[in-house]
1. In straight Cα distance, which lysines are under 30 Å from B:K199, not counting same-chain residues fewer than 8 positions off?
2. Return the Rg/Rh ratio of the protein assembly as shown with Cα-based radii and a Kirkwood Rh.
3. Please compute the average number of Cβ atoms from other chains found within 10 Å of each residue's Cβ in peptide A:130-140.
4. Put a point 7 Å out from Cα along the line to Cβ at B:P7; what are the distances to that point in the other copies, in nm, shortest first?
5. Counting each DSSP H run of 4 or more residues in chain A as -39500 (n - 2.57), what helix-only mean residue ellipticity at 222 nm follows after dividing by all residues, to the nearest 500 deg cm²/dmol?
6. Run the 1.4 Å probe and let me know the accessible area of B:D141, rounded to the nearest 10 Å².
7. From the Cα trace of chain B, what convex hull volume per residue do you get, rounded to a whole Å³?
8. Heavy atoms only, probe 1.4 angstrom, no DNA, RNA or ligands counted: give me B:V251, A:V237 ranked by accessible area, highest first.
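The values are calculated or read from the model by the stated rules, or taken from the named source; none is laboratory data. All figures in this text were calculated on a predicted structure; none of them were measured in a lab. Note that each Cβ is placed from the backbone with ideal geometry, even for glycine, and that neighbours are counted across all protein chains shown. In case anyone asks, the SASA skips ligands and DNA or RNA and just uses the protein heavy atoms, side chains included. Shrake-Rupley method; radii C 1.70, N 1.55, O 1.52, S 1.80 Å.
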Protein chains: 2
Amino acid sequence: MPTTTPPARPVLIVSDHTGLTADNIARALLAHFPGQPLRYIARPFTADVAAARAVAQEVTALSAAGERPILFTTITQPEVLAELQASPAHLFDLLTPGINELEVELGQTAARTVGGYHDMHDTSAYLGRMEALDFALATDDGVGDKQYGLADVILVGVSRVGKTPTSLFLALQHGIRASNYPLAEDDFERESLPLPLEKHRGKLYGLTIDPRRLHAIRTQRKAASRYASLEQCEFEVRRAERLFQRVGLPVRDTTSTSVEEIAAGVLSALRRS
Amino acid sequence: MPTTTPPARPVLIVSDHTGLTADNIARALLAHFPGQPLRYIARPFTADVAAARAVAQEVTALSAAGERPILFTTITQPEVLAELQASPAHLFDLLTPGINELEVELGQTAARTVGGYHDMHDTSAYLGRMEALDFALATDDGVGDKQYGLADVILVGVSRVGKTPTSLFLALQHGIRASNYPLAEDDFERESLPLPLEKHRGKLYGLTIDPRRLHAIRTQRKAASRYASLEQCEFEVRRAERLFQRVGLPVRDTTSTSVEEIAAGVLSALRRS
């Protein structure tokens, strides 16, 4: 007799805005329940009663079909929220309890308006992020090294170690002006820092990686090349690590580290410096 | 007598991981209390009792200095959390109540381990994001148009309308293969879509902007040029909008819209198509 897999339970993410916050919290909560078959259904921009009612109808249909929907929402406007509360989902009201508590703690009535948390609310911070992104792109991969004086941090490492995604993430998410410099054969012949980096020692942050992982990444890009060979990867990583050690750079291994984690490490290092 | 501004209240963001989720929720909650003078203090990677105790000591010092710290945490490990709970901060335990409720609803004991929500937990999704980023970079600004067949979406608009940040965000955050094509003078002379876009009509997404805003952005980049002149910006935006309308593209105005919001709009459009 074939075993049947249980159907994936519907998890609705309902927000009056982009839904990033709601998605983040829902996943952070559900990560504590590994193995649960779930399917995420995003319903961003549910900003008025009519939109919320449409979501409630979806929930009703899912429920009628025997599914047991779970709904996470960051909606705070009472009449919009009420539509969802009336639906047959197990509802997680992610913000209201905290807002109620903050009203007491801060002695101020909450706004509870639609889109209370607007990414561009703080315009100067937003523009700072966009400028940082321009900067990261303009100084990616060793180009624009004359602008290193303006950088907050310069990531250093061999090709495909993860410098570019990390720079872009630091810029987009945190408004950090992150440049990056690729270490290549020429650099390994010197016993010290590459010339463009000499004056910026305090801003450097080294990235390294397991050579076998690097080999796999480079093979995907350029199979059967010297560039991708395990031997070459081992050579480059060894030389890069030796350089980092000699110069005394903070170093992060990116082998099983996400850009979010590397970025957080860079931020901590910046805070300490 | 000079009026004194109230001191900014310390808001600690304490996480056993990068702290992105905790920061997100805290800001979403506090956005409902505009005008409160606050200062954010990030304490990521607070992953064991010793680290939590160090944070608790900071809180004690702040409190002793007459400040009234508020602490937001996504820590779920009971003994680490207990250190924070013992500190004199007003504590917002962001995940525990939801986890408790989910334990009942899902009939499963929660893991409550450190770093439960790991960005690379789902490795294939993570690699998908990195590949999407490579793709977005390789097909940025109209280059690599031979790869448009592999794109999930192609953003179309005039120079500096916001195509590149949006593409990179879609890739990094959502794993969407987003290319972008800059409309230039040559394109406006044709009555129809630029040739490289002809075959990909279903993937196109137009971006537009207030010409005065575009003028300001371009002026910052290249002051007093024809490129940045208000007249030129008005001309290009008018022609671009006419093209979008003729072809029947979905269009988003980026004038006061963040990349997060534009990206969410693109995702909704993709979901409908």
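1. B:K199 reaches A:K222, B:K146, B:K163.
2. 0.97
3. Mean partner shielding for this stretch: 2.
4. Once sorted, the set of distances for B:P7 reads 5.8 nm.
5. Calculated from helices alone, the mean residue ellipticity at 222 nm is -14000 deg cm²/dmol.
6. It works out to around 90 Å².
7. 190
8. Values: B:V251 65, A:V237 10 Å².
Accessible-area ranking of B:V251, A:V237, largest first: B:V251, A:V237.
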